[in-house]
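The values are calculated or read from the model by the stated rules, or taken from the named source; none is laboratory data. Fair warning: this is a prediction, and the values are worked out from it, not measured in the lab. Quick reminder, even Gly has a Cβ in these numbers, built from the backbone with ideal geometry, and neighbours come from all protein chains shown.
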Amino acid sequence: MAHRFIVEADGGSRGNPGPAGYGAVVLDAATGEALAEAAEYIGTATNNVAEYRGLIAGLEAAKAIDPDAEIAVRMDSKLVVEQMSGRWKIKHPDMRPLAARAQTLFPPGRVTYEWIPRERNKHADRLANEAMDAGKRGVPWEPGAVAPEPAAAAGAAAAAGQPKAAPVGWAAPADLGAPTTFVLLRHGETALTPQKRFSGSGGSDPELSPAGRRQADAVAAALAARGTIQAVVTSPLRRCRETAATVAARLGLEVRVEEGLRETDFGAWEGLTFAEVRERHPADLDAWLASTKAAPTGGGESFAAVARRVSGARDRLLEQYAGRTVLLVSHVTPVKTLVRLALGAPPESLFRMELSAASLSAVAYYADGNASLRLLNDTGHLR
């Protein structure tokens, strides 16, 4: 499946024409995560030239990551957006070769253009100003930490169809209709759970332990008492299917399997404790803890890759179960990822959540794209 990227680009000139520079950022459309930045001081030029140069740099950065990607370009330049969309003619001789260069980077139909107001293009604007400031000092622009401004990350999420942060302190308006609610259940314990061993989708696929089966019974009773669940969807892994089957039998519902809800593939770390991974693969573990783009040793899955998979599953389920309350039986990483995306929290927040076996969390999604976290790591039914 081709990646979907958002390219935000900008350019500026202090004098028009005057000292000019551009900035661009490539965002993962599913998560809003910044994947690459580009900026450069280009000497004396006009605003329009700088904006086109920013567009080209952003597309080139996206192509370097994945030449088969689908791109959504977002700029606050009405001129560039309308010209590249084919609605306005390109009359100025300085613009034509730049537009032609931009058009050659991806095949027709793989790039769309959207105008956004300047306040939603702060990341690229900041990079362009950094480049112009560097040029004024006579030094090249150097990238800092690749992280979007909060407004840019929210804009990326909205452009990707990702739920935006819910209004603070108030529920969504009544005229939005009933939300789609995902009740998120982490599976019951396996023999590996109390030992805190890595147990993902690439390991032994363990069954529930006796304790895990008791936990599944307890959560089934609690959900039956609430009487709100209308469908049950589970990860394909055995521990989740067993947990889901117990709950569904109590509720009189069938179980549907969703591949996107499976746990991370932890590669060579499967079955090991954290201490054992630290001893055997210290450098890889440090990289994994430092970045959600790093994958476990031996071909495992990065958390960034899991986020793309989980967000795709979320979107499919939201479309299929609109307005209903659905139990999703999954694992630590997918549940944390759904919570993180609902909150618009940064990727590193995955390391700052606790999620117990057989715990319940819940997220409500509204028709306007807002999401509201209703519950996190509830284990009251296990006492």
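Please work out if GLU354 is assigned to a loop (DSSP other than H, G, I, E, B) and within 28 Å of ALA224 (Cα to Cα).
Values: assigned to a loop (DSSP other than H, G, I, E, B): yes; within 28 Å of ALA224 (Cα to Cα): yes.
For GLU354, the condition - assigned to a loop (DSSP other than H, G, I, E, B) and within 28 Å of ALA224 (Cα to Cα) - is met.
For segment 278-301, which residues satisfy the criterion of being among the polar types (S, T, N, Q) and under 21 Å from LEU35 (Cα atoms)? Walk me through how you get there before you give the answer.
From segment 278-301, those among the polar types (S, T, N, Q) are 291-292, 297; that's our starting set.
Of everything in segment 278-301, those that are among the polar types (S, T, N, Q) and under 21 Å from LEU35 (Cα atoms) turn out to be SER291, THR292.
With the requirement that a residue be modelled with pLDDT of 90 or more and of a type outside the set (D, E, K, R), what does segment 308-326 give you?
Of everything in segment 308-326, those that are modelled with pLDDT of 90 or more and of a type outside the set (D, E, K, R) turn out to be VAL310, ALA313, LEU317, LEU318, GLN320, TYR321, ALA322, GLY323, THR325, VAL326.
Check off (1) touching an Asp or Glu at 6+ places or on another chain (Cβ under 8 Å); (2) within 24 Å of LEU35 (Cβ to Cβ); (3) in a helix (DSSP H, G or I) for ARG314 and give me the number that stays unchecked.
(1)
What pairs come up if the first residue lies in segment 200-227 and is over 20 Å from ARG383 (Cα atoms), the second is surrounded by fewer than 20 Cβ atoms within 10 Å (Cβ to Cβ) and among the hydrophobic types (A, V, I, L, M, F, W, C), and their beta carbons are under 7 Å apart, counting only those six or more places apart or on different chains?
Going by the 7 Å Cβ cut-off, the qualifying pairs are PRO206/ALA191; PRO206/LEU192.
Every residue in segment 239-273 that is in a helix (DSSP H, G or I), farther than 19 Å from ASP378 by Cβ and over 26 Å from the mean Cα position of the chain (by Cα), please.
Listed by number, the residues that qualify are GLU242, ALA245, ALA248, ALA249.
Among what's in segment 43-76 and is among the hydrophobic types (A, V, I, L, M, F, W, C) and in contact (Cβ under 8 Å) with a residue 60 or more places away in the chain, pick the residue that is surrounded by the most Cβ atoms within 10 Å (Cβ to Cβ).
So the residue we want is ALA50.
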